[in-house]
Amino acid sequence: MRRFPRYLLTLLILALVAAGLATCQEESAESTAPATASDTPPPGVVEGMDTLTGLIARGDYLLVKGNCLACHSAKLITQNRASKEGWLDMIHWMQETQGLQDLGKNEGPIVEYLATYYAPEESGRRPALDSVKWYMLDL
Amino acid sequence: MVFAARLPPGLQLLGWQDQDTLPGKDPGLIILNDRPVNAETPPHLLDQEVTAADRLFVRNNGVVPASIMASEPRDPASWTLTIAGEAVPAAITFTLADLQQQFKHYDYQLTLECGGNGRKEFSPPASGNQWDNGAVGCPRWTGIRLRDVLEAVDYDKSKAVYIGYYGNDTHLSGDPDEVVISRGVPITKALEDESLLAWAINGKPLPPLNGYPLRLVFSGYPASCSGKWLSKIVVRDRVHDGEKMGGASYRVPCEPVTPGADVEDADMCIIEEMPVKSLITSPRTGAVIDAGKLLPISGHAWCGSGKVAQQEYSIDFGSTWTRCRLTQPVNRYAWQHFSAPVAFPKKGYYEVWARATDERGNAQPMVLPAWNPRGYLNNACHRIAVKIV
C-alpha cells in the first residue's frame, strides 16, 4: 500500500479532532435540556445494558441480578450461551454441587430471561475469525 | 449478597469497586470472569520462550485465600502440607521450610494448559468460562519431586491408585465446609520425575493468583490436576473422588457422541493426557503487510506426552502445508518453538493456520474435535488473519 503523505495525514487528524470537539459540544448542549420521563432509561441502564453488571437490561434481569450474582460474577452469564434446557441444567448443577438455593417461582422467569437474551448461535465446526483488529506491520 | 434484589440499579457498592482483579498480572490479560477470577493471555503475549509469571493465565474455581491476597508480610515457612490417605501409614505434616530443606530441588520448564482452553468455539456452546486460546503457558518451575515426598512418608505401593489434593482457597458461597476443587492424577503420573511440588516460577515465588506459596505441577494433564494453595495430598486406594472429579467436570464422553447430546455420568471418562496443540504467537492476528514481503511467523507446540515431531503452516485453508523449523524441548513437557518465513502469492485476505503432529502421528484437526458437554480438549489448528496490500 502507498502511504499517505504526512501533511495529508496531519490534516485528516485535525479534521477528525475538530469534528469530535463539535460533537462533544452538541452533546453537552443537549444534556442541559430537560429530559422527558418517557425516554429516560431506568437508573444505571445505558443503551439497554445494566452498567453495574453488564447484563442486558430487559425482561426480568433484576431477578437474575438478585438471585445469581450473590455467588458469581455476571461475566459467567454474559460469556455463556444456552437454550432453556441448557440454562436449567446449569442451575441444577449449581443447586446439586455449589449450594444454590431453590429459586421457587423465580426459576421460570430467570430461565426465560437467560434463554432469550443469551441464546446459542449456530457457528458450525469452525466459526469465522471475528473481531480482528487490523494493524500495519512493517517488515 | 444479602438484599441484592433491593439494590437500586446503578448504585455502586462500597467494598466492591476499584479492586485490582489481577494483582501482579500483565494488563494485557483478558479477564473472562472476576468472581472467581479467570483470565487468559492473548497469543501474542505468549511469544516468550519461557512464559513470564505475570503472563501465565489464571483459572480459579474459588476465592484466593484471604491471607494470600492481604498485603501484609507472609511467612512461607509456616505454610504446612499434610500427606494422608488410605495408602499412607500415618498422616504426616511438613512445613514448606521442611520440604525445602529435606528434599532435592529440581527446575523444569513445564507447560500447563487448562482442559477447557478453546471452549469458546464449541457448537452447540459448552458452559463455563469461554476460553479462546490463551489458557496455556510454559514457565520454569522450581520445587521438589512429589515422588520423593511420597517415598519419605513410606506410602503403600501396593495400595496406591491415585493422589488427590486439597487447597486453602475458599468456596464462592463463603461456606467454609464446601470444598472448591479437589482433583488429582493416577499414581503413575504422580511418580514421574517432572511431577513437582513447586514454590517458584522463573526463580521467584509463585504469584498469589497462581497458588502462592505452594502448588502441584502435573504437566501434560489438564491444569486443574495441579492444585494451588496446596495444603493436603491424599494417596488414595481408589480413583480420587473429590470435588470436580465426577459428573461432567474435566470428563468427556467415553465414546464419541452427537454434538449437543445428553450424556449420563456413567458414560463420562476422566481426561488424562492433553492433546497435541500449537499456537502462533507472532505476529499478532490482524497484520497488514506490503505485497512481496516475507512474513516471519513463530510460536510454540506441545503435547500431553512425548514430543511434537512436526510443525506445519498453511495459507490456503489446509489445501497445502509447509514444514516449519521446530526446536527440541529443553526438557520433557516443555513446549517447543517453531518458525517459518511465509510468502503470499498475491494481495488479499489470508489465514495462516498452524498444525502440530506428535510422535505417534496425532495431528491437530482443522475443525473442532469431538464435541463434549463441557467443551474440553479443543486442539483445532490455531489461525491468524493476515492481509496483503
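Structure notes:
- Given (1) surrounded by 13 or more Cβ atoms within 10 Å (Cβ to Cβ); (2) more than 9 Å from every other protein chain (Cβ to nearest Cβ), number of the condition A:GLY104 does not satisfy: (1)
- Among the residues listed as B:GLU272, B:GLU312, B:GLU255, the single one being buried (at least 21 other Cβ atoms within 10 Å of the Cβ), more than 13 Å from chain A (Cβ to nearest Cβ) and charged (D, E, K, R): B:GLU312
- Scope the stretch B:142-171; condition among the small types (Gly, Ala, Ser) and either within 20 Å of the chain's Cα centre (by Cα) or part of a loop (DSSP other than H, G, I, E, B) (or both); matching residues: B:GLY143, B:SER158, B:ALA160, B:GLY164, B:GLY167
- Scanning the stretch B:285-305 for residues that are small (Gly, Ala, Ser), under 30 Å from B:PRO256 (Cβ atoms), buried (at least 22 other Cβ atoms within 10 Å of the Cβ) and in contact with a strand residue (DSSP E or B) (Cβ under 6 Å, 6 or more places away or on another chain) turns up at least one hit.
- Residue count for the stretch B:62-121 under the criterion of being buried (at least 16 other Cβ atoms within 10 Å of the Cβ) and over 21 Å from B:VAL180 (Cβ atoms): the result is 14.
- Test: residue in the stretch B:111-130 that is in contact with a helix residue (DSSP H, G or I) (Cβ under 8 Å, 6 or more places away or on another chain) and of a type in the set (D, E, K, R): yes
- Residues of the stretch A:63-101 satisfying the condition of being among the polar types (S, T, N, Q) and within 11 Å of chain B (Cβ to nearest Cβ): A:ASN67, A:SER73, A:THR78, A:GLN79, A:ASN80, A:SER83, A:THR97, A:GLN98, A:GLN101
- Selection from the stretch B:343-389 of residues that are within 16 Å of B:THR320 (Cβ to Cβ), among the charged types (D, E, K, R) and either under 20 Å from the mean Cα position of the chain (by Cα) or surrounded by 20 or more Cβ atoms within 10 Å (Cβ to Cβ) (or both): B:ARG355, B:ARG383
- Verdict on B:ALA340 being of a type outside the set (S, T, N, Q), at negative phi and over 22 Å from the mean Cα position of the chain (by Cα): yes
- Test: residue in the stretch B:153-173 that is within 14 Å of another protein chain (Cβ to nearest Cβ) and without any contact (Cβ under 8 Å) to a residue 24 or more places away in the chain: yes
- When A:ASP60 is tested against (1) closer than 30 Å to B:ARG383 by Cα; (2) more than 8 Å from every other protein chain (Cβ to nearest Cβ), just one condition goes unmet, and that condition is (1).
- Taking the conditions (1) more than 12 Å from every other protein chain (Cβ to nearest Cβ); (2) within 12 Å of B:VAL386 (Cβ to Cβ); (3) among the polar types (S, T, N, Q) in turn, B:GLN328 satisfies each one other than (2).
- Residue under evaluation B:SER249, criteria (1) without any contact (Cβ under 8 Å) to a residue 24 or more places away in the chain; (2) within 12 Å of another protein chain (Cβ to nearest Cβ), criterion not met: (1)
- When A:GLN95, A:GLN79 are screened for being surrounded by 16 or more Cβ atoms within 10 Å (Cβ to Cβ) and without any contact (Cβ under 8 Å) to a residue 12 or more places away in the chain, only A:GLN79 passes.
- Residue in the stretch B:173-184 that is out of contact with any helix residue (DSSP H, G or I) (no Cβ under 7 Å at 6 or more places or on another chain), under 28 Å from B:ARG55 (Cβ atoms), surrounded by fewer than 23 Cβ atoms within 10 Å (Cβ to Cβ) and of a type in the set (S, T, N, Q) present: yes
- Unmet criterion (only one of (1) within 14 Å of chain A (Cβ to nearest Cβ); (2) buried (at least 16 other Cβ atoms within 10 Å of the Cβ)) for B:ALA334: (1)
- Condition check for A:PRO127: under 20 Å from B:LEU32 (Cα atoms), free of Cβ contacts under 8 Å to residues at least 40 places away in the same chain, within 8 Å of chain B (Cβ to nearest Cβ) and touching a helix residue (DSSP H, G or I) at 6+ places or on another chain (Cβ under 7 Å): yes
- Complete set of residues in the stretch B:192-210 that are surrounded by 18 or more Cβ atoms within 10 Å (Cβ to Cβ) and closer than 25 Å to B:ASP156 by Cβ: B:GLU192, B:GLU194, B:SER195, B:LEU196, B:LEU197
- Taken over the stretch A:112-124, the criterion of being within 10 Å of chain B (Cβ to nearest Cβ) and either surrounded by 14 or more Cβ atoms within 10 Å (Cβ to Cβ) or acidic (Asp, Glu) (or both) is satisfied by A:TYR118, A:ALA119, A:PRO120, A:GLU121, A:GLU122, A:SER123.
Read the figures in this text as sums done on the coordinates, not as results from a lab. A quick note: this is a predicted structure, and the numbers were derived from the prediction, not measured. In this analysis, Cβ positions are derived from the backbone assuming ideal geometry, glycine residues included, and neighbour counts consider all displayed protein chains.
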